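Okay, here's the structure, questions in a sec.
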Amino acid sequence: MNRRLKEKYLKIFVPLGIGLIFILLIWLGYKLIFNHKLSFLEKIDKSVYADINYDAIYGIHLNFKGSINLSSEYRDVKLVLANGKDEVEIPIEVSNKDDGISFVTSNLINKGINLEYLPIGTYYLLIKATTTEKNKDVVKYFSVTNKTDYDDLEYYTLSKDGKNNKIDIEWNTYEECPTLRFTIKEEALPSDVYDITIDPGHGGVDVGAIGSLDGFEYHESNLNLKVGLALKKILEERGYKVAITRTEDKNIEIYDEGGSAVLANETKSKFNFAIHHNSFDYQTDELNGLEVYVASDIEFDFANLLIENILSEANTQISPKEIYQTVPGIYQRYFSEEDILDDEVQPSNKTTSMIYYYNIRELGGISTHSTNDGRYKDINGYPANPYNKANVTTEPYLLELGYVNNESNLRNIVGNEEKYALGIANALKKYLETEY
Ligand SMILES: [Zn+2]
């Protein structure tokens, strides 16, 4: 063969060969991934499905309630996120019923699956159980069906080192077998999604509690704003994207766009801090110190860290107030029979098992039994809470940092607003470090 012909052949066959190998590799890769996925989902036992009848994201936690009609031959029943390769086990509480078992990830709304720490990847929510067949242990997987009133869920993790993960939780993602698919990937926060919301209470004509010190009058609204702005600054320095209901002395409508009961959910914030200062009635006791108001059915870990860190940073103490107190420093105020008769106080259709403060009750949607569906608008003037039936909400805290008509409390607050803010920010840091 002469050189020219050889070169000509090389020019044709070398690229052709490389091209063919390339196509073969793509085809092999595709087969491998696709078959792997298919074989895993095909392995799911389709004789029975678990019903998920409750799902809610509250702050950084996702909770499920459900049931599955499994015979008593099955043992070691677990909930897992699995894909045939990796498996994340989800702790559940299981109870036996006549026709199978029911399960719940947690009965506490701020426990359950911590969405902050799910690994990147694609997973399916499955029931994993062990049975015995021909004297051998056999592990079986069962899929889940949607019996809730809600559709797909979406979550963005808190900003960390300038990064976020997006979690898509989607129903029925594989035709022959209903599934709940979790897709976790790194994705920057969209412009309208935030990490944390701060709500400095009152403002404008509503000055809140009033105190005086050395001949000067102090308004709660201004003290709340100072703490709120200081907290925003600290959290932003720590890499969080922070929304705030007001940055100046102005009135905020509760249920309007950007309002105190709305902004945290509009911005998909994981936590909401309502900042307040208290005052006592001179007719009764003289009070002082910190009160942290929380939702019902929660674990107190974060509330306790708020107390611990505010006390140490701001050199203050917890309130001795006993009314509404659950444990020292932590308060849960419910509607009283009297409140329920008085529609002027709060939007209605309330019960005595509901939290009194809208800053907690309305912000948590279904998790905190939000009541305001607007039915009493003509009586009390409050439009409906747009997140009244939301199952993806913020985790709200209402902080009463001290009593402005207690002279020593006010002296400790004025000029020290950053210290209170630092206490709140440090509590969040410690909570996220210890909560898995
Ligand atoms: Zn207040």
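Simple spin-label model, 7 Å along Cα-to-Cβ: ASP137 to ASP214 in nm?
About 7.2 nm, to one decimal.
Under the Karplus relation 6.51 cos²θ - 1.76 cosθ + 1.60, θ = phi - 60°, what is the ordered set of whole-Hz ³J(HN,Hα) values for the range 57-66, x standing for Gly and Pro?
The phi angles translate into 9, 10, x, 9, 10, 10, 10, 10, 10, x Hz.
How much of the accessible area of the range 284-425, probe 1.4 Å, is carbon plus sulfur, in whole percent?
47
So, one more: Need one number: % antiparallel among DSSP beta bridges in the range 196-434, to the nearest 5.
DSSP beta bridges in the range 196-434 are roughly 40 percent antiparallel.
Is the range 196-434 rounded, prolate or oblate when judged by the Cα gyration tensor, a ≥ b ≥ c being the square roots of its eigenvalues, rounded requiring a/c under 1.5 and prolate requiring a/b larger than b/c?
It comes out rounded by the Cα gyration axes.
Still on this model: Lysines near LYS389 by alpha-carbon distance under 25 Å, same-chain residues fewer than 8 away left out - which ones?
Those lysines meeting the cut-off are LYS65, LYS111, LYS147, LYS166, LYS268, LYS270, LYS350, LYS377.
Then there is this: Rounded to the nearest 5, what is the percent of antiparallel bridges among the DSSP beta bridges in the chain?
70
Want the number for LYS11 to GLU433: 0.36 nm per residue separation, take away the alpha-carbon distance, what's left?
Taking 0.36 nm per residue and subtracting the Cα distance, the gain is 145.9 nm.
Of ARG333, ARG4, ARG411, which has the most accessible area with a 1.4 Å probe, and how do the rest follow in descending order?
Output order, biggest surface exposure first: ARG4, ARG411, ARG333.
Next question, about the same structure. Search the structure for amide H atoms under 5 Å from the amide H of SER269, placed 1.01 Å from N in the peptide plane, and list their residues when 5 or more places away or on another chain.
TYR194
In whole Hz, with x marking every Gly and Pro, tabulate ³J(HN,Hα) for the range 78-95 from phi via Karplus 6.51 cos²θ - 1.76 cosθ + 1.60, θ = phi - 60°.
With the stated coefficients, the range 78-95 comes to 10, 10, 9, 9, 9, 9, x, 10, 10, 9, 10, 7, 10, x, 9, 9, 10, 10 Hz.
Still on this structure: Within the range 411-436, find all residues whose amide N lies under 11 Å from a label point positioned 7 Å from the Cα of ASP301 along Cα-to-beta-carbon.
From the range 411-436, the list is 431-436.
If you don't mind, another one. Compare the peptides 128-138, 177-187 by average per-residue count of other Cβ atoms within 10 angstrom and give them in order, highest first.
For the peptides 128-138, 177-187, the packing ranking is 177-187, 128-138.
What angle, in degrees between 0 and 90 and rounded to the nearest 10, separates the Cα long axis of helix 220-237 from the longest principal axis of the Cα atoms of the chain?
That helix lies at roughly 30 degrees to the long axis.
Moving to a separate point now. Using helices alone, what [θ] at 222 nm do you get for the chain, with -39,500 (n - 2.57) per DSSP H run of 4 or more residues, divided over all residues and rounded to the nearest 500?
Counting only the DSSP helices, I get -8000 deg cm²/dmol.
For ASN165, what residues show an amide H to amide H distance below 5 Å, using hydrogens built from the backbone and excluding near sequence neighbours?
Under 5 Å from the amide H of ASN165 lie the amide H atoms of THR157, GLU187, each far enough along the sequence or on another chain.
Taking H placed 1.01 Å from N in the peptide plane, check which residues at least 5 places from ASN83 or on another chain put their amide H under 5 Å from its amide H.
Counting only residues 5 or more places away or on other chains, the set is TYR124.
Dipole magnitude of the range 196-434 about its Cα centre, charges +1 at Lys/Arg Cβ and -1 at Asp/Glu Cβ only, in debye to the nearest 20?
Rounded to the nearest 20 debye, it is 920 debye.
For the range 122-220, with all protein chains present and a 1.4 Å probe, just round the carbon and sulfur fraction of the accessible area to a whole percent.
44
Residue by residue through the range 190-198, what is 3J(HN,Hα) from phi via Karplus (6.51 cos²θ - 1.76 cosθ + 1.60, θ = phi - 60°)? Round to whole Hz and write x for glycine and proline.
Those phi angles translate into x, 4, 9, 10, 10, 8, 9, 10, 10 Hz.
Hey, another quick one. Determine the per residue accessible area of the range 45-186 with all protein chains present and a 1.4 angstrom probe, expressed in square angstrom.
Normalised by residue count, the accessible surface of the range 45-186 is 47 Å².
Along Cα→Cβ, 7 Å out, is where each label goes; now give me the distance between the ones at LYS233 and GLU175 in nm to one decimal.
Label at LYS233, label at GLU175, 6.0 nm between them.
If we count every other residue with Cβ under 15 angstrom of THR326's Cβ, Lys/Arg +1 and Asp/Glu -1, where does the sum land?
Its environment carries a net charge of -4.
Roughly how many Å² is the accessible area per residue of the range 196-434, as a whole number, for a 1.4 Å probe?
That works out to 41 Å² for each residue.
Tell me, how many Å apart are the Cα centres for the range 66-118 and for the range 168-204?
22
Give me the number: length gained by fully extending LYS46 to ASN107, i.e. 0.36 nm times residue separation minus the C-alpha to C-alpha distance, one decimal in nm.
Going from the current span to full extension adds 19.1 nm.
What ranking of ASP45, ASP98, ASP86 comes out by heavy-atom accessible area, probe 1.4 Å, highest first?
Largest accessible area first, the residues go ASP98, ASP86, ASP45.
Put +1 on the Cβ of every Lys and Arg and -1 on every Asp and Glu Cβ in the range 45-186; which of GLY162, VAL48, PHE182 then has its Cα farthest towards the positive end of the dipole?
GLY162
Counting other Cβ atoms within 10 Å of each Cβ, which GluC sites (Glu not before Pro) in the range 311-371 have at most 13 and sit in a DSSP loop?
Listed in order of number, the matching sites are GLU322, GLU344.
The values are calculated or read from the model by the stated rules, or taken from the named source; none is laboratory data. Treat the numbers as computed from the prediction; the structure is a model and nothing was measured. Every residue, glycine as well, gets a Cβ built from its backbone with ideal geometry; the counts of neighbours run over all protein chains shown. Areas reflect the complete protein model, heavy atoms only, side chains present, ligands, DNA and RNA absent. Shrake-Rupley method; radii C 1.70, N 1.55, O 1.52, S 1.80 Å.
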